[in-house]
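Enquirer: Structure incoming, see below.
The values are calculated or read from the model by the stated rules, or taken from the named source; none is laboratory data. All values reported here derive from a predicted model rather than from experimental measurement. Here Cβ is always computed from backbone atoms with ideal geometry, including for glycine, and neighbour counts include all displayed protein chains. Ligands, DNA and RNA are excluded from the accessible area calculation, which covers all protein heavy atoms including side chains. Shrake-Rupley method; radii C 1.70, N 1.55, O 1.52, S 1.80 Å.
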Amino acid sequence: MDSSYRPPAYWLFPIGLLLSLGISLLPGQWPLYAVLAISTAVLGLPHGSLDTAVAKRYLHLNSLPRLVAFLAGYMALSAGVIAIWLQVPNIALAGFLLYSAVHFGDDVAHRLGRIGGIGYGLWILGLPVTLHPGTVEPLFAMLGADQTGLIISAAPWGLALGGVILLSALALHADRALSDWRDPLLLALGAALLHPLAYFIAYWCFLHSPRHLELAARDLNLQGWRERLRAVAPTTLATYALAAAAIPFLMGVPSDAILMQVIFIGLAALTVPHMILEFIASPNRAE
């Protein structure tokens, strides 16, 4: 195991779990929703805001028309996901969970292999649904899904399959890191103790996002947090503006459902082009 380098996410994740535990203990649901919105905006979104810079490097966007074409294609893919979600939310939710498992598996795929990464992703997503089905079901309903029984009943099987695949990959791959053992155990503990949204905050904002931001920033030779902040700020602010613009169209929806839809349907829409770009860029990066 390589223990010579500990990236920021290695230390941030346990901190995030402790903070999320504190949030879960607060009375009422709105503190949790407020922290979810703030942490997603400040810690979660910025790692995807480097996509334009990544595309300039790996798609050779060396002219304004090519850059405009990339941005138009990126937004068209996102709009397509939103349109599908509005028409068939149950299918869209299931698809989102599946491709999120693949995407989250990229966290470890360079060490545990693509299949091992998928096992890791299934483990991450299967835990909260399996351990807290009664809490997760109304959250899914806020996203427009009204036939989630199949997803909830399949979650324990996905969790078991993911656990077997992950354990096998850990046993077979000599390049595994200490975090590849530690993080799944911490995730299991967090899923058992935390509200599913607090669990999401801990993983998404304190492990996945900082891990990918660090990888992309090093690849782009962005030195220091000030330089990285300047790089992510324009796209992040544009994303805030788009999210705010969507709110008036949801005014007939309860406020908690508005927040859930803006965050999770928005993430579903942004993840598809982000995954495609990462599929192109990842093989060319030095891990």
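Enquirer: Give or take rounding to whole Å, what are the principal axis extents of the alpha carbon atoms in region 185-274, in descending order?
Expert: 45, 37, 23
Enquirer: Let me ask something else about it. Short version: what are the Cα gyration tensor semi-axes of region 73-218, square root of 5 times each eigenvalue, largest first, in whole Å? Numbers along the way, then the final one.
Expert: Values: eigenvalues 129, 74, 41 Å².
Square roots of five times the eigenvalues give 25, 19, 14 Å.
Enquirer: Extension gain L86-Y99, at 0.36 nm per residue separation less the Cα-Cα distance, in nm?
Expert: Using 0.36 nm per residue and subtracting the Cα-Cα distance, I get 2.9 nm.
Enquirer: Whenever you get a sec, line up M260, M275 from highest to lowest accessible area (probe 1.4 Å, protein heavy atoms).
Expert: Descending order: M275, M260.
Enquirer: Would you work out the relative contact order for region 41-134, in percent, from Cα pairs under 8 angstrom that are 6 or more residues apart?
Expert: Rounded, it is 14 percent for region 41-134.
Enquirer: Please express the Cα-Cα pair-distance distribution P(r) of region 138-204 as a list of whole percents, one per 5 Å bin, running from 0 to the bin with the greatest distance.
Expert: All Cα pairs, binned at 5 Å, distribute as 3, 14, 16, 22, 21, 12, 7, 4, 1 percent.
Enquirer: Which of [x] 50, 50, 32; [y] 90, 42, 38; [z] 99, 38, 37 is the computed Cα extents along the principal axes in Å for the structure on display?
Expert: For Cα extents along the principal axes in Å, the calculated option is [x].
Enquirer: So how far, in whole Å, is the C-alpha centre of region 99-135 from the one of region 76-98?
Expert: One Cα centre to the other: 19 Å.
Enquirer: Per residue of region 57-63, in order, report the coupling 6.51 cos²θ - 1.76 cosθ + 1.60 (Karplus, θ = phi - 60°) as ³J(HN,Hα) in whole Hz, putting x for Gly and Pro.
Expert: 6, 9, 9, 6, 7, 9, 8
Enquirer: Let me ask something else. Using a 1.4 angstrom probe with every protein chain in place, what is the largest-first accessible-area order of W225, W157, W204, W30?
Expert: My answer, sorted largest first, is W157, W225, W30, W204.
Enquirer: Towards the positive end of the charge dipole of the chain, with charges on Cβ (+1 Lys, Arg; -1 Asp, Glu), say which of P254, G149, A53 has the farthest Cα.
Expert: Positive-most Cα among the choices belongs to A53.
Enquirer: Follow-up question, since we're still on this one. Specify the residue with the greatest mean-square fluctuation among S20, S78, S63, computed from a Gaussian network of the chain linking alpha-carbon atoms under 10 Å apart.
Expert: S63
Enquirer: Hey, another quick one. 7 Å from Cα along Cα→Cβ at both M142 and L189: what's the point-to-point distance in nm?
Expert: So the label points at M142 and L189 sit 2.7 nm apart.
Enquirer: Then there's this: List, in order, the whole-Hz ³J(HN,Hα) value for each residue of region 104-120 obtained from phi through the Karplus relation with A = 6.51, B = -1.76, C = 1.60 and θ = phi - 60°; use x for Gly and Pro.
Expert: Once rounded to whole Hz, the list reads 5, x, 4, 4, 10, 4, 5, 10, 9, x, 4, 5, x, x, 5, x, 4.
Enquirer: Further question: Please give the charge dipole size of the chain, origin at the Cα centre, charges +1 on K and R Cβ atoms and -1 on D and E Cβ atoms. Round to the nearest 20 debye.
Expert: 600 debye
Enquirer: How large is ³J(HN,Hα), in whole Hz, for each residue of region 162-177 in order, when computed from phi with the Karplus curve 6.51 cos²θ - 1.76 cosθ + 1.60 and θ = phi - 60°, using x for Gly and Pro?
Expert: x, x, 5, 4, 5, 4, 5, 5, 5, 6, 8, 9, 6, 7, 4, 9
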